[in-house]
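The values are calculated or read from the model by the stated rules, or taken from the named source; none is laboratory data. In this text the structure is predicted, and so the values were computed from the model without any measurement. Backbone-built Cβ (ideal geometry, glycine too); neighbour counts: all protein chains shown.
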Amino acid sequence: RFEGVTMAPPDPILGVSEAFKADTNDMKLNLGVGAYRTEELQPYVLNVVKKAENRMLERRENKEYLPIEGLAAFNKVTAELLFGADNPIIQQGRVATVQGLSGTGSLRLAAVFIERYFPGAKVLISSPTWGNHKNIFNDSRVPWSEYRYYDPKTVGLDFDGLISDIKAAPEGSFVLLHGCAHNPTGIDPTPEQWEKIADIIQERNHIPFFDVAYQGFASGSLDADASSVRLFAARGLEILVAQSYSKNLGLYAERIGAINVVCSTSDAAARVKSQLKRIARPMYSNPPIHGARIVANVVGDPALFNEWKEEMELMAGRIKNVRQKLFDSLSAKDKSGKDWSFILKQIGMFSFTGLNKTQTDNMTDKWHVYMTKDGRISLAGLSLAKCEYLADAIIDSFHN
Ligand code: PMP
């Protein structure tokens, strides 16, 4: 009976890593998945994570089940990190926070919540967006459509397109926004543009739904990177926010994140939380504890918290350095007069190169550079030593 099962296509992002592993060429470079590497291109475990884990070992903590909503100490600090500990919405108990299986699992809880309580409501997602967003809403049977975001002419934000598409959406739609460091484009709205977006969302009675996967990675400052979310919260709006610690704490495989639902009253928050728990229970019963303890120890301890900020600045700084070097190499080598300054304007882990599918095939087939077919490269997987090689590959691919 399983004979009838067809082969699923490889995942467009994680499939790139599989192809990279199979390549035996010495020059190969994996710029597919957004995972931080050192200058030696090795995975990096943060010192604060090791310290937190040592403390956890010393305490010989047990492995009892967590409650369905996760570790209380984690849920407290994660909401505070996002909104600011002194935010009235926290003090008023208006935020329902449930630990999720990293960003993806938290988005999934929110998607099922939307499907259950807002049947027929549409989620608007940016064009382009992180590939898994569409999978998550499809599998949760939530209808979605795209709003304009990226303008290939300016290699920047199509702000007018964005505004008119959000305006035109049915009243009461959910608008999925990347809190900072938009994936894949690396292009964020300015603070003035965020205000405008909030105006339209309010006017149309939409519900803002933030995906925050890179807090600290856009500017290097945790507070600055949460300013989009806080701006919406300050308007008294109801908001959904999914959080991930994969990138900023390097906890990729621990699957640690959260879904936060900002409600109008603490009563509503309690009810929403009860429903999120009801969704989680038959899916995975209760979340894993290890990553939650790490986050609670780092974010909840002033000394480790400060150390974390320094380490994050180091990671963000290394990415800025390779961004600069890649721009310098491209500008020096390319004789066509093409303006490469968009690379410096983009922020976060990625650069959206504008390479099309044929050109990205050339990057991989001829140059052994692995990247997603939308033209995105992860600068977190690039070293200063490899910038010149990558610049040669990009120029060759663009002009052939
Ligand atoms: N949202 C966006 C925009 C992302 O880029 C990612 C990670 N690539 C995620 C969510 C979720 O990742 P994770 O499930 O590892 O937290």
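It is to be established whether one or more residues within the range 294-310 are within 16 Å of the ligand (Cβ to nearest atom), under 23 Å from F83 (Cα atoms) and at pLDDT below 95. The answer is no, given that none of the residues of the range 294-310 is within 16 Å of the ligand (Cβ to nearest atom), under 23 Å from F83 (Cα atoms) and at pLDDT below 95. Return the total of residues in the range 1-44 being more than 16 Å from the ligand (Cβ to nearest atom), surrounded by 10 or more Cβ atoms within 10 Å (Cβ to Cβ) and among the aliphatic types (A, V, I, L, M). So the answer is 4. All conditions but one from (1) more than 20 Å from A226 (Cβ to Cβ); (2) more than 16 Å from the ligand (Cβ to nearest atom) apply to S140; the one that does not is (2). Is it fair to say T78 is hydroxyl-bearing (S, T, Y) and under 30 Å from L231 (Cα atoms)? Criteria met by T78. Among the criteria (1) touching a helix residue (DSSP H, G or I) at 6+ places or on another chain (Cβ under 8 Å); (2) small (G, A, S); (3) over 27 Å from F350 (Cα atoms), the one G100 does not fulfil is (3). Selection within the range 151-171: residues that are under 28 Å from R108 (Cβ atoms) and in contact with a strand residue (DSSP E or B) (Cβ under 7 Å, 6 or more places away or on another chain). The member of this set that is surrounded by the most Cβ atoms within 10 Å (Cβ to Cβ) is L162. Of all the numbered requirements in (1) surrounded by fewer than 21 Cβ atoms within 10 Å (Cβ to Cβ); (2) more than 16 Å from the ligand (Cβ to nearest atom); (3) at negative phi; (4) in the same structural domain as S106 (by TED's automatic domain parsing), P288 misses one, and that requirement is (2).
For (1) more than 28 Å from D339 (Cα to Cα); (2) without any contact (Cβ under 8 Å) to a residue 40 or more places away in the chain; (3) hydroxyl-bearing (S, T, Y), each residue gets a yes or a no:
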{"residue": "T129", "(1), (2), (3)": "no, no, yes"}
{"residue": "N132", "(1), (2), (3)": "yes, no, no"}
{"residue": "F159", "(1), (2), (3)": "no, yes, no"}
{"residue": "G172", "(1), (2), (3)": "yes, no, no"}
{"residue": "I187", "(1), (2), (3)": "no, no, no"}
{"residue": "P191", "(1), (2), (3)": "no, no, no"}
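What about E53, is it loosely packed, with under 15 Cβ neighbours inside 10 Å, at pLDDT 95 or above and away from the ligand (no atom under 16 Å from the Cβ)? Considered against the rule, which asks whether it is loosely packed, with under 15 Cβ neighbours inside 10 Å, at pLDDT 95 or above and away from the ligand (no atom under 16 Å from the Cβ), E53 comes out as no.
The requirement of being surrounded by 16 or more Cβ atoms within 10 Å (Cβ to Cβ), part of a loop (DSSP other than H, G, I, E, B) and either within 16 Å of the ligand (Cβ to nearest atom) or touching a residue at least 60 places away in the same chain (Cβ under 8 Å) (or both) is not satisfied by G93. Of note, Y149 does not satisfy the criterion of being within 15 Å of the ligand (Cβ to nearest atom), over 22 Å from V123 (Cβ atoms), at pLDDT 95 or above and in the same structural domain as A110 (by TED's automatic domain parsing). Of all residues in the range 8-50, those that are modelled with pLDDT of 95 or more, assigned to a helix (DSSP H, G or I) and hydrophobic (A, V, I, L, M, F, W, C) total 2. If you go through the range 103-156 and pick out every residue that is of a type outside the set (A, V, I, L, M, F, W, C), part of a helix (DSSP H, G or I) and closer than 30 Å to G250 by Cα, you end up with 11.
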